[in-house]
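What follows is a single structure, written as structure tokens, with notes after it.
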Amino acid sequence: MASYEGSVQRLIDEFGRLPGIGPKSAQRIAFHLLKLPKEDAHRLADVIVEVKAKVVWCKRCFNIAESDLCSYCADERREAHLVCVVEEPKDIVAIERTAEYRGKYHVLQGAISPIEGIGPEQLRVRELITRISGEGITEVIIATNPNIEGEATAMYLANLLKPAGLVVSRIASGLPVGGDLEYADEVTLGRAMSGRREL
Amino acid sequence: MCGVLLAAPERRKRFEVRRSGASRVDRPIQPVGAIGMPGLYRDQGVVLRTVKLGEADRILTILTQNHGKIRAVAKGVRKTHSKFGARLEPTSNVALQLYLGRDLDVLTQCETIESNRALREGYGLLTHAIPMLEAVDHLTQDREPVPAIYRMLTGALRTLANRRSALVTPAFFWKLLALEGYEPRINACARCETPAAELPLFSFDLQEGGGLCRGCAMGGGRQLSVEAFDLLSRILSGGLNDALDEAPSPASHDVEKLALAAMEHHLERRLKSASLI
Ligand SMILES: [Zn+2]
Ligand SMILES: [Zn+2]
């Protein structure tokens with residue numbers, strides 16, 4: 001493939017390394033930047049520099065943070081005995097949007113993936129165990145994704161935590177609110193049936 | 001427009017008709033007349049693995065019954081309101097309708113044949129199921145029909161879900177290796193040919209593809225107990241069904257490890273997923 005002059009090609013190469021961006025998209029984004037007014041481009045460059053300088057992993061829960069602790073860990077009003085385990089920081093944002101949860105969080109920074117050979121030791125599981133004994137946590141809600149990796153992670157954590165006498169629950173899987181029953185797939189509907197609750 | 005192709009009993013029949021078309025297997029992919037659109041075809045297959053693509057899509061690797069291993073895009077499958085729902089997780093056996101693409105096909109509809117949900121809801125079951133999928137993925141070529149492997153895989157997944165025995169995976173590996181022409185020799189020493197009945201086998205040598213007597217082993221190969229050789233021989237000679245009811249033992253553990261080693265030896269690579277067994 002023919003390549004561009006020095007810095008343009010380097011820019012394309014950098015974008016091409018980002019997740020989900022192929023060579024074509026990388027080229028498109030690079031040329032978009034070339035056409036931008038200088039100050040717009042600088043704003044982007046500055047924020048990248050800033051984010052790398054300021055943002056760290058929360059020492060306690062491994063969410064993104066701008067100091068030692070993230071805003072959830074630092075918030076004294078949140079219930080400290082309750083922790084919700086998620087795969088990524090973006091899952092915290094999704095759960096916070098519900099305004100249903102007032103406990104703490106723990107970010108695993110991934111999920112167990114049998115297919116990729118990613119096991120619990122590559123995740124922040126050991127840190128979770130340390131927190132449970134150190135912070136007086138009595139209840140764990142596992143909110144990993146309802147896909148094969150998330151389920152594997154949930155099963156692993158449940159096997160690990162339940163014998164320790166903790167209350168361990170898994171967020172429910174089931175039918176999307178507002179949908180029609182007849183359009184649900186068998187797996188989802190089956191889970192919704194087995195996870196039904198008394199009214 | 002979603003997943004429901006046909007009502008269940010009718011649908012099953014439709015797929016069976018296609019399954020019984022014996023000559024299909026050898027023919028190249030071609031549009032199915034019944035659908036009436038060029039490039040569109042139907043098959044059924046087991047989802048071997050999935051990889052995220054873009055914002056909400058996944059690329060699925062599927063071992064189909066009649067079209068071999070294919071890779072297909074499932075658009076929007078990661079959205080919570082996707083029409084594909086939870087049907088396309090690894091281990092699922094699904095009826096599919098796809099558009100033929102150059103490299104990647106595009107999934108247009110799917111329906112569950114066997115969800116094998118139990119396999120994804122038990123950690124120990126899942127860690128035994130995934131290595132089977134990974135081995136099949138490595139052993140098969142794109143678009144090369146291997147209906148026998150499809151049949152074996154669906155059978156093994158079903159057996160694992162029902163019987164929950166750790167021996168299903170090693171038994172599947174040995175059967176898969178046998179299909180590849182690699183049948184371990186355990187009735188006689190693979191080197192000096194002394195029958196095992198006269199001189200018990202002492203170790204298993206992957207290079208030789210069979211058991212060795214103590215003299216020939218000379219400290220080489222993987223040492224196996226008499227019980228492990230006995231269990232292996234029962235599995236290879238059709239006695240798997242009874243063996244599945246037996247409690248795990250050091251012998252079954254050895255047979256498991258040996259099967260994995262033999263599979264990795266044959267593939268000339270490690271099975272990533274086996275590290276979690
Ligand atoms: Zn935190
Ligand atoms: Zn010998």
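If you go through the stretch B:262-277 one residue at a time, how many are at the interface with chain A (Cβ under 8 Å from one of its Cβ atoms) and over 14 Å from the mean Cα position of the chain (by Cα)?
Qualifying residue count, the stretch B:262-277: 3.
Can you name every one of the helices (runs of 4 or more DSSP H) wholly within the stretch B:169-277 that holds 3 or more residues which are under 27 Å from B:TYR150 (Cβ atoms)? Can you show your working first?
Values: elements: B:214-217, B:226-236, B:240-243, B:250-267.
Fully inside the stretch B:169-277 and qualifying: B:226-236, B:240-243, B:250-267.
Give the residue that is farthest from A:ALA184 (Cα to Cα), with candidates limited to residues of the stretch B:85-117 that are at the interface with another protein chain (Cβ under 9 Å from one of its Cβ atoms) and of a type in the set (Ser, Thr, Tyr).
B:THR91
Looking at (1) within 14 Å of chain B (Cβ to nearest Cβ); (2) surrounded by 18 or more Cβ atoms within 10 Å (Cβ to Cβ), can you tell me which one A:GLU121 breaks?
A:GLU121 satisfies every listed condition except (2).
Within the set of pairs 6 or more residues apart or between chains, which connect a residue that is within 12 Å of B:LEU201 (Cα to Cα) inside the stretch B:213-237 to a residue that is more than 11 Å from ligand 2 (Cβ to nearest atom) and assigned to a strand (DSSP E or B) with Cβ atoms less than 7 Å apart?
The qualifying pairs are B:GLY221/B:PHE204; B:ARG222/B:PHE204; B:LEU224/B:PHE204.
Give the residues of the stretch B:246-261 that are under 21 Å from the mean Cα position of the chain (by Cα) and open to solvent by 70 Å² or more (accessible area, probe 1.4 Å), sorted by residue number.
Across the stretch B:246-261, the qualifying residues are B:HIS253, B:LYS257.
For B:ILE35, which of the numbered conditions (1) at pLDDT below 85; (2) open to solvent by 40 Å² or more (accessible area, probe 1.4 Å) fails to hold?
(2)
Among the residues of the stretch A:135-185, which ones are assigned to a helix (DSSP H, G or I), within 13 Å of chain B (Cβ to nearest Cβ) and among the small types (Gly, Ala, Ser)?
The answer is A:GLY150, A:ALA152, A:ALA154, A:ALA158.
Assuming B:ALA243 fulfils every condition listed in (1) touching a helix residue (DSSP H, G or I) at 6+ places or on another chain (Cβ under 9 Å); (2) over 25 Å from B:GLY122 (Cβ atoms); (3) away from every other protein chain (no Cβ under 14 Å) apart from one, which condition is it?
It is condition (2) that B:ALA243 fails.
Going through the stretch A:92-119 one residue at a time, which ones are within 14 Å of ligand 1 (Cβ to nearest atom) and without any contact (Cβ under 8 Å) to a residue 12 or more places away in the chain?
Scanning the stretch A:92-119 gives A:VAL93, A:GLU96.
Within the stretch A:103-122, can you find the residues that are more than 16 Å from A:ASN63 (Cα to Cα) and aliphatic (A, V, I, L, M)?
The answer is A:ILE112, A:ILE115, A:ILE118.
How about the stretch A:52-91: which of its residues are more than 9 Å from ligand 1 (Cβ to nearest atom), under 13 Å from the mean Cα position of the chain (by Cα) and open to solvent by less than 80 Å² (accessible area, probe 1.4 Å)?
A:CYS84, A:VAL85, A:VAL86, A:GLU87, A:GLU88, A:PRO89, A:ASP91
For B:GLY68, which of the numbered conditions (1) under 29 Å from A:GLU182 (Cβ atoms); (2) buried (at least 18 other Cβ atoms within 10 Å of the Cβ); (3) away from every other protein chain (no Cβ under 11 Å) fails to hold?
Among (1) under 29 Å from A:GLU182 (Cβ atoms); (2) buried (at least 18 other Cβ atoms within 10 Å of the Cβ); (3) away from every other protein chain (no Cβ under 11 Å), B:GLY68 violates only (1).
Whether any residue in the stretch A:9-18 is among the aliphatic types (A, V, I, L, M), out of contact with any strand residue (DSSP E or B) (no Cβ under 6 Å at 6 or more places or on another chain) and either open to solvent by 80 Å² or more (accessible area, probe 1.4 Å) or closer than 30 Å to A:GLU151 by Cβ (or both) is what I want to check.
Checking the stretch A:9-18: at least one residue is among the aliphatic types (A, V, I, L, M), out of contact with any strand residue (DSSP E or B) (no Cβ under 6 Å at 6 or more places or on another chain) and either open to solvent by 80 Å² or more (accessible area, probe 1.4 Å) or closer than 30 Å to A:GLU151 by Cβ (or both).
Looking at the stretch B:118-138, which of the residues that are farther than 12 Å from B:LEU160 by Cβ and more than 16 Å from the chain's Cα centre (by Cα) is nearest to the other protein chains (Cβ to nearest Cβ)?
That would be B:TYR123.
Counting only residues that are more than 30 Å from the chain's Cα centre (by Cα) and more than 10 Å from ligand 2 (Cβ to nearest atom), which one in the stretch B:197-218 is least open to solvent (accessible area, probe 1.4 Å)?
This residue is B:PRO200.
Yes or no: the stretch A:73-85 includes at least one residue that is within 14 Å of chain B (Cβ to nearest Cβ) and of a type in the set (Asp, Glu). Give the derivation first.
Taking the stretch A:73-85 and keeping what is within 14 Å of chain B (Cβ to nearest Cβ), we get none.
Within the stretch A:73-85, none of the residues are within 14 Å of chain B (Cβ to nearest Cβ) and of a type in the set (Asp, Glu).
The values are calculated or read from the model by the stated rules, or taken from the named source; none is laboratory data. The model shown is predicted, which means the values in this text are computed figures rather than measured ones. Note that we place each Cβ from the backbone using ideal geometry, even for glycine, and neighbour counts take in every protein chain shown. Surface areas here come from the heavy atoms of the whole protein model, side chains and all, with no ligands, DNA or RNA. Shrake-Rupley method; radii C 1.70, N 1.55, O 1.52, S 1.80 Å.
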